[in-house]
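Just so it is clear, none of the values below were taken in a lab; they were calculated from the coordinates. From a predicted model like this one, the values you see are computed outputs, not experimental measurements. Positions of Cβ are backbone-derived with ideal geometry, glycine not excepted, and every protein chain shown enters the neighbour counts.
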Amino acid sequence: MIPGLFAFYLASGEIPDDMVLLAGFLHAFAMHLFSAVPDVQFDKDTEITTTAVLFGRNASLFICMLAWSGLFFITINLSRSIFGFLTLIYPAMVMYLLLTKKKVLEVYWLYPYINTGLGGFMFALKAVKTPWA
């Protein structure tokens, strides 16, 4: 997150709004925790205590869902755009994992595509200064 903050400052000469920083933190935090969930058993076996090991699979996923829900509410509040609802995909996928007991790896490799696609789409909306972004 720090490189992005630094790049924003270099490009604009200012620091992003506090809510933008909070949204970035929530997303980075959730993504990091979500990435650790598939490694819980391996980390336990090697006696490494990560946040995901400490809380376990379901609690870790629930925390991710809360963080990504926070990202969604901030995005809706800041963007005031229908496209802000696209960020619901993050907590929705975690809810799917919690309800179906599927393995995290079944959706894990979709997240880089979602991050890139959604981030690029939202950037493009702002870059071309569309009235609906």
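Can you give the extra length, in nm with one decimal, that the chain gains between residue 115 and residue 19 once fully stretched, where that is 0.36 nm per residue apart less the Cα-Cα distance?
Additional length available on full extension: 32.6 nm.
Sequence neighbours fewer than 8 away in the same chain don't count; with that in mind, list the aspartates and glutamates whose C-alpha is under 17 Å from residue 103.
Straight-distance partners of residue 103: 39, 43.
Using the Karplus equation 6.51 cos²θ - 1.76 cosθ + 1.60 (θ = phi - 60°), what ³J(HN,Hα) coupling, rounded to whole Hz, does each residue of the stretch 38-49 give in order, writing x for Gly and Pro?
Each residue of the stretch 38-49 in turn: x, 9, 4, 5, 4, 5, 4, 4, 9, 6, 9, 9 Hz.
From Cα pairs below 8 angstrom and at least 6 apart in sequence, can you work out the relative contact order of the chain, rounded to a whole percent?
About 20 percent, as a whole number.
Given springs between every Cα pair under 10 Å in a Gaussian network model of the chain, which of 34, 62, 85 has the largest fluctuation?
Highest fluctuation among the options: 85.
If you place +1 on the Cβ of every Lys and Arg, -1 on the Cβ of every Asp and Glu, and leave all else neutral, what size is the dipole of the chain about its Cα centre, to the nearest 20 Debye? Intermediate results must be reported in sequence, preceding the final value.
Numbers: 8 positive and 8 negative charges, 94 e Å.
So the dipole magnitude of the chain works out to roughly 440 debye.
Hey, what's the Kirkwood Rh for the stretch 18-127 if you take every pair of different alpha carbons, in angstrom? Intermediate results must be reported in sequence, preceding the final value.
Working: mean 1/r = 0.0687 Å⁻¹.
So the Kirkwood estimate lands at 14.6 Å.
Taking the Cβ of residue 33 as the centre, find all other residues whose Cβ is under 12 Å away and add up their charges (Lys, Arg: +1; Asp, Glu: -1).
0
Mean Kyte-Doolittle of at least -1.0 and a Cα length of 18 Å or more along the axis: which whole DSSP H helices of the chain meet both?
Qualifying helices: 18-36, 57-79, 111-127.
Taking 30 Å as R0, compute the FRET efficiency from the Cβ-Cβ separation of residue 99 and residue 42 and round it to 0.05.
After rounding to 0.05, the efficiency reads 0.75.
Mind giving me the FRET efficiency for residue 85 and residue 124? R0 is 22 Å, r the Cβ-Cβ distance, nearest 0.05 is fine.
0.80
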